[in-house]
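Below is one structure; the comments refer to it alone.
Every number in this text was worked out from the coordinates using simple rules, so none of it is lab data. Everything numeric here is computed off the predicted structure, so don't read it as measured data. Note that we place each Cβ from the backbone using ideal geometry, even for glycine, and neighbour counts take in every protein chain shown.
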Amino acid sequence: MLDAMLLAGTRLADVSSILMILAGATMGVIFGALPGLGSVVALAIALPFTFGMDPMLAMFLYAGIMSSVTFGGSVPAILLNTPGTPPNAATCFDGYPMAQRGEGARAISISATSCFVGSVGGAVITIALLPAVKPIVFAFGPPEFFWLVAFGLVMIAFAAKGNMVKGLIGGGVGVMLSMIGFSDMFGAFRFTMGSDYLWDGIPLVPFVVGVFAVSELINYSSRGGSTATTDVSSQDMDWRHQTLQGVADVLKRPIVWMRSAAIGSGIGIIPGLGGGVAAFMSYVVGMQRTKEPELYGRGSVEGIIASETANDAKDGGALLPTVAFGIPGSPDTAILLGAFILHGLQPGPVLLRDNLDLVYALLFGIVVSQVATSGIGFLSAPLLARISVLKSRWIAPFVLTLVIVGTYMLRANILDVAAAITAGYIGYVLRRYGYPLITIAIGFILGPLAEKSFLQSMLISDGNFIIFYKEPISLILMILTLGTLAVPLVSAWRKRGQKKSREPAPTDRRPRGLFRGPIICAVLLAAAILAALFNAQTLPAEVQLMPVVFGTITLALLVLDIAGEVSPAVARWTAPALTDMWNNSSSGTDEAQAPERPAPWGPVLRVIAMIATYFLLVYTLGLYAVPVIAITAYLVFQAAVKLRYALLAAIISSVIVVISMQLLRVDVWTGVVSEIIPGYLGGAISPDL
């Protein structure tokens, strides 16, 4: 083992190795910053170019890409509330509020530093566990998977904070949406409404980008101003001081990033969970353990550290099952598995015996790449942070173009763009009326994992529930999950008793009437859940089990939510743990996600119409000409930019889009008009709905 480490370290000192790592880091940052791409696309593109290359140099290139994508994805998450990759969605919760306060450079610096300590921590843990990886991987079967995912779902209660019922409803809505599509375990379709597009379910990237990016685009475009809501101008902000402060923020909290690195590595070791689970799990655990949970979702330093550290630490953990058994620990290590085979390497005991130096090359390359990536982050943070003080009317068309192009490039399917915009519309309405977006995202990501593990366990045990508490690990995880669920109940009982003894009950000052936004939104959600439950009755028993369970619970919570909105007496009568959950209803906003009062519906509907018009033009005329026309028109008429400057900016943006698609070998969408006019712009085929 020591000889393999020395050999990998010696090769790392070569100039060619350093250049390869830097090339991978640069590529990873770019692909991470573009929504819809990420490490899987970057590795897939790099893979054929490494054919015939020295395997050690190829490992350094792969390591550079894998370790830098996370930081790249955090930049748009912080500045634009647009996660570059799905795991970066957790960074939006606190990174974007910090940018709204004018602390964008500080947030980017926190992300860069957290990514570095996460990579180092993940590599150290991986090296330490490499000899013992076999019993760890094989100790987790479907029952253990189920309780681990159930623990993440229970954490929704903490993620929702003071608005627990709405938060749990959001989690239930996310789970129900994740159930749409084909059940590959039982060969049945659910909730597709006859749509071919929904056969594979709602794609993760369009859903996440839509819920966060499009909903935020509607929010700040209708409100006006800039991302940074502070009155301080760009010239008055000390960006460099913020960058140094971000480094100090991380270094002063060793317990936070050490815990997050351990969580990220542990989740990474378990095949199939991935960075999204690691980031969300670390985030909600951090929220539970912190002394200031009320700051989470409002620009908490610890929130960014928790999500970004775990995001990077999971890369080292995911390598363990990949190199030891040939079982990919994450989507990007699945591509890495193909790279091993491409270079004539067989993952498993033979690789650990004969080519252990290549494994250490990956680990060392991840650390060195993160040094370079963090350096890029520190140097660029003062410049990038200036985006947060630009007027929203200047950046809105470019963000919308980025969303459209990013979601389209993932699968070259224009309907993915429609899915992202639809998810954005729904996300904005739910957010406006107090349903936390974080719980919707957690439910959407963890729902399918919970169902798969549960059904696999039941098949293994022939329907005997004893399998869920038979083994020690399952029993421990079950106790931990149920105990965690009881924490808010006990805490609420104690707080209620203290309030009764010290101060009178607060007066309910919410507006009265049945035709109010929160009630209408809850009724519509209840109708949708009820329709899904009726539809589920036509499915086989095993296929309808999870939708019926989660749908019934969500429907009951919606009834409780509506009753509490209608009658203060019902709210006071409700269980003690639920007495504070309507605390944001009077403003109609979710303080964790949108502390500002929402804009009137008039400006909101105009922005919604603008987004819909942009998409319809792209769908009809294609991606060649529409961005130029749309960006130019918006900058001239909304941002009052001179025509020549607006046209120049639009042309440059469109050229970058087209060149990116050509380099990625993605067929540019040329619109349905090309079917009407043969040969128009190369022709195209409109996908079936």
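Based on other C-beta atoms within 10 Å, arrange 82, 309 from fewest to most. Please report the intermediate quantities before stating the final value.
Numbers: 82 27, 309 36.
Neighbour counts put them in this order, fewest first: 82, 309.
With Cα atoms defining each centre, region 46-75 and region 289-323 are spaced 23 Å apart in the structure.
Quarter the surface of the alpha carbon convex hull of region 603-661 and you get the mean projected area, 4.2 square nanometres.
How would 521, 115 line up from fewest to most surrounding beta-carbon atoms within 10 angstrom? Write down the numbers at each step before the final one.
Numbers: 521 21, 115 27.
Going from sparsest to densest Cβ surroundings: 521, 115.
Of 332, 184, 14, 249, the sequence from fewest to most neighbouring Cβ atoms within 10 angstrom is 184, 14, 249, 332. Using the Cβ-Cβ distance between residue 666 and residue 567 with R0 set to 60 Å, the FRET efficiency works out to roughly 0.65.
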